[in-house]
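Novice: Below: one structure in structure tokens.
The values are calculated or read from the model by the stated rules, or taken from the named source; none is laboratory data. The structure displayed is predicted, hence computed values, not measured ones. Don't worry about glycine lacking a Cβ; one is built from the backbone with ideal geometry, like all the others, and counts go over all protein chains shown.
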């Protein structure tokens, strides 16, 4: 049987395995779940079995890890996955009203996906940006100090080019791309 | 007066770059440390009186001294799983000054002669992890990470590891389980992480918060006395106060421990929003008991001891402010929903207790509570305290208990509503769906 993850991501997988002692390869289950999610769009049975084979784990154990953590998708989502924080500090800065307006604009319920498969929106717990609420992560990229006008512009941009959801909002350098020297 | 030991990125542009960091004294402390014995390093950190900045305030040097030096393998795990509502300090430290954290972590690793450091970041901070990975590569190229660091004969690797959305992984033993590829659930202690059998891969392990370790280069460079000169006798150094909620200027503020709440809120944060007054303070995110923001509280020194005396905790110093327009019972309900969501499910009192507290609070807010519900709250909350493997159970009982204790009128107004007929407003408050949970 072929292992799609090993075939396509050998270098990344080896890198993650190299971080942990030889007899502790199970530590790589979380990074490998991210790789499976990237490859399949969500953590499906094929991804779970690929990981189980690579790490010599039981597929059930891999599935239990995927189920415990909220950042692994158990089913397909929209192209842009919106995580809106509505915890107390954000709520004090209007995040709940912002999220209600966003859901109305998208014509979906909390956790739902738009008909065109473009957006999935979910409320989440604190994301560590309380001073810049309302805020969200779009495909895990921070977008802060939002209102619906900014949001409509962003969504129009993402509809044109879904990869734009991964670009920084302010046009400046992002932490992930910054030079280290 | 603000004093930036940790938030130096605000004064030194581009300190996230290696050359800039080195020009400003970066890695001097590590090089000094490599000329010291393990005991000397630990004694220096002990003498500085640095206490853990993650929330518990445990003396850092003492924690390091628990590691049995004769064990061949020990680890450092950096807790960058910042997830407490209202906390965003570690994010700024790592974004603006990543090398300071790496340097602090390496000094800790030298102090216990660890061959590896794992920086466990919450999954949502993956961009920061990518930056740290590049910084680690740079350090490797400069001979600061890897084999025979600076000719010391000591090998040490530094790795990042991403979580995936679980508050509980900020609890140190759950963090270690998560690093091992297991469910992020707390462990039975003893053995403690510093002991053989209790740490990462059962090896003795120091688990320190990002902000804690970011203090260490300063302590080595300037000496423990210079660190102790800032702050108070028992709470030394500076602390980053994350201020959010109903304030004029939310953000991170670095102040000496011992500064008053008034100084922080009036001189730096700019007070409440225009035309409003402060009503309540949550000093440690969702976990610490809420207190009314009285003059007495405003004049309290921000130290671990003074806040404990006040009946609350300084914890991670994540100050969430509520003004006079806010409903404290609603806030308690929000926080209870947070803990219900984040309970890892391992211990019955917490798993079931958070569920029932949330359910009863919904009834209270809907104006349907009876005396029996109030009795139930005390019963459930009582069963959650001191009966679980980690502190989440007790933390989860705090929002509702502190509301009843410190804002009895507001709570009673809801509890008595049954007799006076629920208002439309209360109904609306009771069902904040879909965004509520």
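Novice: For the stretch A:103-115, check the following and say yes or no: at least one residue is more than 13 Å from chain B (Cβ to nearest Cβ), touching a strand residue (DSSP E or B) at 6+ places or on another chain (Cβ under 9 Å) and touching a residue at least 60 places away in the same chain (Cβ under 8 Å).
Specialist: no
Novice: Let me ask something additional. When residues of the stretch B:135-156 are filtered for being crowded, with 18+ Cβ neighbours inside 10 Å and facing chain A (nearest Cβ under 10 Å), how many remain?
Specialist: Looking only at that region, the number is 4.
Novice: Restricting attention to the stretch B:48-82, which residues are part of a strand (DSSP E or B) and surrounded by fewer than 22 Cβ atoms within 10 Å (Cβ to Cβ)?
Specialist: Correct list: B:59 only.
Let's see how each residue does on (1) over 22 Å from the mean Cα position of the chain (by Cα); (2) in a strand (DSSP E or B):
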residue	(1), (2)
B:150	yes, no
B:153	yes, no
B:164	no, no
B:174	no, no
B:178	no, no
B:207	no, yes
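Novice: So residue B:347 clears everything in (1) over 18 Å from residue B:381 (Cα atoms); (2) more than 19 Å from the chain's Cα centre (by Cα) except one condition, right? Which one?
Specialist: (1)
Novice: Determine if the stretch B:256-269 includes at least one residue that is over 22 Å from the mean Cα position of the chain (by Cα), outside any helix (DSSP H, G or I) and farther than 27 Å from residue B:386 by Cβ.
Specialist: No, that holds for no residue.
Novice: Which one of B:360, B:374, B:313, B:364 is touching a strand residue (DSSP E or B) at 6+ places or on another chain (Cβ under 9 Å) and modelled with pLDDT under 95?
Specialist: B:313
Novice: Continuing with this model, one more query. Any residue in the stretch B:98-115 that is surrounded by fewer than 23 Cβ atoms within 10 Å (Cβ to Cβ) and at the interface with chain A (Cβ under 9 Å from one of its Cβ atoms)?
Specialist: no
Novice: Restrict the check to the stretch A:67-79 and report whether at least one residue is at the interface with another protein chain (Cβ under 8 Å from one of its Cβ atoms) and touching a strand residue (DSSP E or B) at 6+ places or on another chain (Cβ under 8 Å).
Specialist: Scanning the stretch A:67-79, I find at least one residue that is at the interface with another protein chain (Cβ under 8 Å from one of its Cβ atoms) and touching a strand residue (DSSP E or B) at 6+ places or on another chain (Cβ under 8 Å), so the answer is yes.
Novice: Check residue B:219 against each of (1) in a helix (DSSP H, G or I); (2) without any contact (Cβ under 8 Å) to a residue 60 or more places away in the chain and name the one condition it does not meet.
Specialist: Failed condition: (2).
Novice: Given the conditions (1) at pLDDT 95 or above; (2) over 12 Å from residue A:84 (Cα atoms); (3) within 10 Å of chain B (Cβ to nearest Cβ), which single one is not true for residue A:149?
Specialist: (3)
Okay, residues lined up against (1) crowded, with 17+ Cβ neighbours inside 10 Å; (2) within 28 Å of residue B:156 (Cα to Cα):
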residue	(1), (2)
A:7	no, no
A:11	no, yes
A:14	no, yes
A:22	no, yes
A:26	yes, yes
A:34	yes, yes
A:41	no, no
A:59	no, no
A:77	yes, no
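Novice: Return the pair list, or none, for Cβ contacts closer than 6 Å from residues in the stretch B:24-37 that are on the phi < 0 side of the Ramachandran plot to residues that are at pLDDT below 95, at least 6 apart or on different chains.
Specialist: Short answer, once both residue conditions are applied: B:24/B:12.
Novice: Exactly one of (1) within 14 Å of chain A (Cβ to nearest Cβ); (2) modelled with pLDDT under 95; (3) on the phi > 0 side of the Ramachandran plot is unmet by residue B:57. Its number?
Specialist: Here residue B:57 meets the rest and fails (1).
Novice: To continue, here is another question. Given the options B:159, B:120, name the one that is crowded, with 17+ Cβ neighbours inside 10 Å, more than 9 Å from every other protein chain (Cβ to nearest Cβ) and touching a residue at least 24 places away in the same chain (Cβ under 8 Å).
Specialist: Criteria check complete, one pass: B:120.
Novice: Only residues in the stretch A:36-57 that are on the phi > 0 side of the Ramachandran plot count as the first member; pair them with residues that are surrounded by fewer than 18 Cβ atoms within 10 Å (Cβ to Cβ), Cβ under 6 angstrom, at least 6 apart or cross-chain, and list the lot.
Specialist: These pairs meet every condition: A:41/A:76.
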